[in-house]
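I have placed the structure first, in the form of C-alpha cells, so that the comments after it can refer back to it.
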Amino acid sequence: MNRSLNEAWGPAPSQGHAVPPRTSLDDVFNGYRLFLGRHPRNAREAMAAVDCTLPEFFGQYLMRGEFLGSVADGLTGHQVLPHVTLAPAPDDALARWATDRLPLSADGRERLSASRSWRFWLLTILRDETFHAMLPAAVADWFLRSGLRDRVAAVELAPTRQLVGEVSHSSAGTISGWCANTQDFSERVVLELSLGGRFVGAVRCDRFVPGLGERIGGSGEHGFVYDIPREHAELAARGATLQACDAHSKARFGGDIYVKANLPGALDDLGRMLSAIQSVKDLLANLEQHLPHAIRQVSPPPSAYGELKAQAILSCNRPAIGRDATMDTGTDTGTAVNVILLETALAAAPVRRLLASLESQRQDRWTLTVLAAGGEDGADGSANDGAAASLGDEIGALIHPLEAQGRAVVAAPAALPRLVAGHPALAAGAHLVVGCAGTLREDAIATFLAALEPGTAQQAAVAYSDHDTMVDPRNGTPRQTIPLFKPDFDPIMLLACDYAGPMVMVTPEALLKAFAIADGEPPSSLHDLMLRLSDCIPPDRVRHIPSVLYSLEQAADPRSPDGLPRILAGDPAAVEAWAGRRGLAMTVRTVPLAGDDGQTLVEPCGIDPRPAAFPTVSVIVPTRNAPVLLRNCLDSLLRVRQAYPGPMQILVIDHQNEDPDSVALIAAMRDQRNVDVMPYHGPFNWADMNNLAAARATGEVLVFLNDDTMAADPRWLSRAVATLGLPGVGIVGARLLYGDGSIQHAGIVTSVEQGAIHETGGAAGTGSGYLGRNLILRSAAAVTGACLITRRTLFETVGGFDANWPTNWNDVIYCLAARRAGWRVVYDPSACLYHLESRTRGYFFGQAGSGTHRSDLDRLRAEWGALLDDPFHNRAFNRMAAPFTRMML
C-alpha cells in the first residue's frame with residue numbers, strides 16, 4: 001500500500017472523521033531513524049513512544065531538544081546531520097515506511113522518491129503542508145513561532161548528487177583522500193573499495209581536511225583514511241589496482257590507483273600489537289583467579305549472573321543430583337522419556353545443541369518426537385512425506401539417524417495425541433515437552449524425573465524449572481546472560497505469559513488429559529499446553545524445580561523491533577481459548593514491556609475480564625483528623641461510584657474526629673453525597689474498626705481503603721472487581737504509587753527471615769521490575785491493607801482481620817489465612833492508585849520502634865511458621881535483601 005495518511009484516515013478528527021491510527025514498534029524505530037538519525041538506545045526508550053497517535057508521535061520528535069540541537073541546525077546551516085553516522089542514505093525499508101505512514105501530499109511523496117539524501121528528505125517533509133496540517137496545534141504553533149518553518153522554507157532543495165574528491169595511496173598500505181556531495185555538504189559519502197577486483201571494505205568520508213572547506217564550501221569534514229585489512233595484505237604486497245565507487249549509486253569514483261605496500265614492516269607493527277594484547281590478557285587472567293574469592297563475600301545482583309555462572313558458586317547452577325546417584329553405571333537407565341519438540345519452525349543450530357545435550361544426559365533412555373508442518377498425519381499416526389520434507393535438509397540430516405535407530409518419530413501436529421496414546425516407541429514414563437530448543441544441563445532429565453517421583457506429598461504430574469537466556473547482540477557489545485528465576489506454580493501469572501516454559505516435564509496421563517480438553521487437538525504452543533494443564537491438574541501437582549536446568553540463546557539486533565530479545569511472552573489465542581473453556585468473557589492483547597535492563601522485552605498478555613454482572617461493593621475508609629487527605633480520597637471515590645457498573649456503598653469510619661474541618665467534611669458527605677458514616681470510639685485498632693465496618697457494610701465485595709489514597713483512573717475498582725471474579729481469587733491488591741509517581745506497593749513478599757516487605761518499593765512507577773513483575777497480573781503472598789479488595793464470603797469464613805494485631809501485620813495475616821483456606825491473593829497492576837504515605841515511614845515499623853518489630857516478628861513466626869515462606873519469591877534470591885535484587889551464593 002502506497003498512499004498518504006490523510007487518505008487512510010479521512011479528514012481531520014476535528015471535522016468529525018476517523019481517529020488517527022496508533023503507533024507500533026516499527027513506527028518507533030523508523031521515526032528515530034528519520035527524525036533523530038539514530039536507533040532507540042534501549043527497549044525502554046523505544047516503548048515510551050508506542051501506542052500513541054501518529055500526530056502525537058511526530059510531535060514528540062520535533063519538540064525534542066535533540067532534534068533542535070543536532071538536526072534542525074544541520075538542515076539550515078552547515079552542521080553535520082547525525083543521520084550520516086547511521087547510514088549514508090535512507091534505505092528501501094525506510095522509504096516504504098515514509099511513503100506509507102507519513103501524511104504527505106502527492107507532490108511530497110514524489111519528491112521523496114527522487115532522492116536518497118537525508119537532508120533533502122527532512123526538508124521536503126518539514127515543508128509539506130499536509131504534514132503541517134496533521135501536527136498537534138501546539139507543535140504547529142511552536143514550529144511557526146520559533147522561526148524554524150521560515151528557516152526551512154528558505155533552504156534550497158537539490159535532489160541530485162554531485163561527487164567531487166581525491167583518492168591516494170601510501171607505501172604503508174593506507175588509502176586516504178576525500179569525497180563530498182556538492183549538492184548536500186551535510187552528507188557523509190561512503191566509498192566502497194576494491195583491490196584487484198576483490199572487495200576489501202568501505203569507508204565513510206567524515207574526517208576534517210584542513211583548507212577543504214575554503215576550497216569547496218561546507219565544513220571540510222569529508223576526508224578518510226583506510227588501512228587495507230590484513231587478510232588482503234598479500235594483494236597489496238605484490239601490487240594490485242584499487243578502485244573506489246559510491247556506495248549509494250554504485251558509480252565509479254576517481255581513477256584506478258596502483259597499490260603496492262611494504263608488507264614486512266606492517267607485520268612487524270602487528271607483532272608488537274599482539275604482544276601488548278597478550279600482556280593485557282595475562283593481567284586479566286590473574287584478576288580472574290582472585291575474583292571467586294572476593295565475590296563469595298557479597299550478594300550479587302542478577303546482572304552479575306553471567307559472570308558467576310561459570311564459577312559454580314550460585315546454588316541455582318549446582319547439579320541437583322549428586323554424582324553418587326549414577327556412580328555404578330554412569331547413566332540412569334530407569335524411566336524412559338519422550339522429548340516432544342513442539343515448535344515446527346525449527347532452526348538447525350538450536351536443534352543441534354539440544355540433541356548434543358540429550359546425548360550427554362545421565363538419563364540415557366530417551367526418544368525424540370518432532371512435529372513437522374506440511375501434511376496430514378497417516379493412519380498409523382506418523383507423518384507423511386510432505387510433513388517430514390518440511391523439516392528441510394539440515395534438520396532432516398540431524399533427525400534421520402535417530403529415526404533409523406528407532407529413537408525419533410517425525411509426525412504432523414495433528415498426530416501427536418494418537419502418538420502419545422498408542423505409539424509403541426513412545427510408551428514413555430514421562431514427556432519432556434520443548435516449546436523452544438535449548439541446551440539441557442547434563443542432569444536435567446534425571447532432575448525432572450526425580451520431581452515427578454511419588455513422595456510424601458501428592459505425586460506431581462507436571463514439573464518445570466528455572467532457566468537462563470544468553471542474549472547475543474552480534475554488534476560487538478558483550479553477551480548478556482539473563483537468569484529466569486521463576487515462582488512456584490501460579491495459574492494467575494500463567495494467564496499473562498508462559499513463565500513455566502519453554503521446557504516442562506509432563507506425565508502421559510496429564511498430557512492426554514490436556515489433549516482431551518480441546519477434543520484431541522494438540523496444543524498450539526507451550527503456553528496453550530500449560531493453560532490446559534492448569535484446567536485438569538490440581539495446582540499442588542505442578543512442581544517447580546528451583547534450579548537452572550537448561551539454557552536458551554537469542555540473537556539481538558537493537559536496530560529493529562523484531563531484533564529486541566523477548567525474555568517472556570504470552571499467547572493471546574491460548575488465553576482466549578482458556579477463557580472460552582471456562583465461560584469467561586475477556587479481552588486479551590499483547591502488552592510489550594521494556595525489561596528491567598532496558599535492553600530486552602517482556603511481552604505478556606494483558607487481560608480485561610468482563611463479568612456478566614458486577615456485584616455490590618462496599619468501600620470502607622477509616623479516618624481521623626485528616627481533612628485534606630479525606631477530601632481527596634472521597635472526591636476520588638465519588639467519581640469511582642459514577643464509573644462502577646454496579647451498586648457501590650462508601651462507608652467512612654469516623655474514629656473520634658475532632659478537627660472542625662474533618663467533622664464538617666464528614667457531615668457534608670453524609671448529608672449531601674450519600675456517604676455512610678460509622679462512629680468508632682477507643683484506641684486505634686485497625687483490625688477491629690474494619691471488622692465492625694464490614695459487619696455494617698452491604699456489599700458482596702469489601703474494599704478496605706486508607707484515607708490517604710487517591711485514584712487517578714475512576715475505573716480502577718471495576719477492574720479490581722473483575723479480577724476478583726477470576727477462578728480461585730479471594731483477595732486483590734492494587735499497584736500503589738507515591739505522590740512522585742514511584743512505586744509504594746506492588747505486592748508483599750513474606751519470609752521467615754524478614755516477615756514481610758513491599759516488593760520494589762521506591763522504584764520508578766513505569767519500571768517493569770524483575771521479569772516484568774511490577775506490570776503483570778500475578779499471585780502474591782500478601783497485599784497491603786491500604787487498598788485491599790476481598791470477597792465477603794471469604795472475609796466471614798476466616799473471621800475477618802485478627803484484632804489481636806491492632807496496628808501492624810493484620811493485612812498480611814488476613815492474606816495468609818486466605819491462602820491457608822485455599823484462596824489466591826492477586827496483585828493487579830491495572831488497578832492503580834496514589835498512596836500519599838510518607839516514603840520515610842518504612843513498612844511495618846510505625847512509632848513503636850524496632851524492638852516492637854522484632855517482638856512482633858518472633859510472634860508471627862511462631863503463629864504462621866512455614867506459610868511465611870513466599871512461594872513466589874524464588875530461593876535463588878537472598879531473603880535478607882530487597883526482593884528480587886540480590887542472588888544467593
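The values are calculated or read from the model by the stated rules, or taken from the named source; none is laboratory data. Not measured: the values here are computed from a predicted model. Please note: Cβ atoms are built from the backbone with ideal geometry, for glycine as well, and neighbour counts cover all protein chains shown.
Here are some notes:
- Pick from region 486-524, criterion touching a Pro at 6+ places or on another chain (Cβ under 7 Å) and not in a helix (DSSP H, G or I), ranking: farthest from Asp468 (Cα to Cα): Gly520
- The residue that is surrounded by the fewest Cβ atoms within 10 Å (Cβ to Cβ), among those in region 762-783 that are among the small types (Gly, Ala, Ser) and in contact with a Cys (Cβ under 9 Å, 6 or more places away or on another chain), is Gly765.
Here is a yes/no grid of residues against (1) over 28 Å from the mean Cα position of the chain (by Cα); (2) closer than 20 Å to Val152 by Cβ; (3) not acidic (Asp, Glu):
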{"position": "Ala46", "(1), (2), (3)": "no, no, yes"}
{"position": "Thr53", "(1), (2), (3)": "no, no, yes"}
{"position": "Glu66", "(1), (2), (3)": "no, yes, no"}
{"position": "Val71", "(1), (2), (3)": "yes, yes, yes"}
{"position": "His83", "(1), (2), (3)": "yes, yes, yes"}
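- Odd one out for Ile813, checked against (1) surrounded by fewer than 24 Cβ atoms within 10 Å (Cβ to Cβ); (2) among the β-branched types (Val, Ile, Thr); (3) in contact with a strand residue (DSSP E or B) (Cβ under 7 Å, 6 or more places away or on another chain); (4) not in a strand (DSSP E or B): (3)
- Filtered residues of region 660-686 (kept if more than 26 Å from Ala722 (Cα to Cα) and in contact (Cβ under 8 Å) with a residue 40 or more places away in the chain): Ile666, Tyr680, Pro683, Phe684, Asn685, Trp686
- Test result for Arg792, touching a residue at least 40 places away in the same chain (Cβ under 8 Å), of a type in the set (Lys, Arg) and under 30 Å from Arg566 (Cα atoms): no
- The single residue among Leu533, Leu529, Leu549, Leu568 that is surrounded by 19 or more Cβ atoms within 10 Å (Cβ to Cβ), in the same structural domain as Ala450 (by TED's automatic domain parsing), within 23 Å of Leu346 (Cβ to Cβ) and out of contact with any Asp or Glu (no Cβ under 8 Å at 6 or more places or on another chain) turns out to be Leu529.
- Residue that is modelled with the highest pLDDT, among those in region 315-346 that are in a loop (DSSP other than H, G, I, E, B) and charged (D, E, K, R): Glu343
- Output for region 713-766, where each listed residue is under 19 Å from Arg610 (Cβ atoms) and either free of Cβ contacts under 8 Å to residues at least 40 places away in the same chain or in a strand (DSSP E or B) (or both): Val729, Val732
- Residue pairs meeting the criteria (Cβ under 9 Å; at least 6 apart or on separate chains; first on the phi > 0 side of the Ramachandran plot, in region 400-424; second crowded, with 19+ Cβ neighbours inside 10 Å): Gly406/Thr367
- Annotation note: of Ala349, Ala294, Ala312, the sole residue that is in the same structural domain as Val506 (by TED's automatic domain parsing), at pLDDT 50 or above, surrounded by fewer than 13 Cβ atoms within 10 Å (Cβ to Cβ) and small (Gly, Ala, Ser) is Ala349.
- So Gly455, is it of a type outside the set (Lys, Arg) and either at pLDDT 95 or above or crowded, with 21+ Cβ neighbours inside 10 Å (or both): no
- Checking Leu191, Leu135, Leu102, Leu148 one by one, the residue that is touching a residue at least 12 places away in the same chain (Cβ under 8 Å), outside the structural domain of Gly218 (by TED's automatic domain parsing), among the hydrophobic types (A, V, I, L, M, F, W, C) and crowded, with 21+ Cβ neighbours inside 10 Å is Leu102 and no other.
- Of the residues Thr469, Thr507, the single one that is buried (at least 20 other Cβ atoms within 10 Å of the Cβ), within 28 Å of Met888 (Cβ to Cβ) and hydroxyl-bearing (Ser, Thr, Tyr) is Thr469.
- Condition check for Ala516: surrounded by fewer than 20 Cβ atoms within 10 Å (Cβ to Cβ), at pLDDT 90 or above and small (Gly, Ala, Ser): yes
- Which listed residue, of Asn674, Asn685, is assigned by TED's automatic domain parsing to the domain that holds Ser636 and on the phi > 0 side of the Ramachandran plot: Asn674
- Applying the condition of being buried (at least 17 other Cβ atoms within 10 Å of the Cβ) and of a type in the set (A, V, I, L, M, F, W, C) to region 201-232 and asking which residue is farthest from the chain's Cα centre (by Cα) yields Leu212.
- Residues of region 607-629 satisfying the condition of being surrounded by fewer than 22 Cβ atoms within 10 Å (Cβ to Cβ) and closer than 14 Å to Ala496 by Cβ: Asp608, Pro609
- Search result, residues across region 153-182 that are surrounded by 17 or more Cβ atoms within 10 Å (Cβ to Cβ) and either at pLDDT 80 or above or touching a Ser or Thr at 6+ places or on another chain (Cβ under 6 Å) (or both): Leu163, Gly165, Val167, His169, Ile175, Ser176, Gly177, Trp178, Cys179, Ala180, Asn181
- Here His655 clears all of (1) farther than 26 Å from Asn690 by Cα; (2) in contact with a strand residue (DSSP E or B) (Cβ under 6 Å, 6 or more places away or on another chain) except the condition numbered (1).
- Residue check, Ile789 modelled with pLDDT of 95 or more, out of contact with any Cys (no Cβ under 9 Å at 6 or more places or on another chain) and not in a strand (DSSP E or B): no
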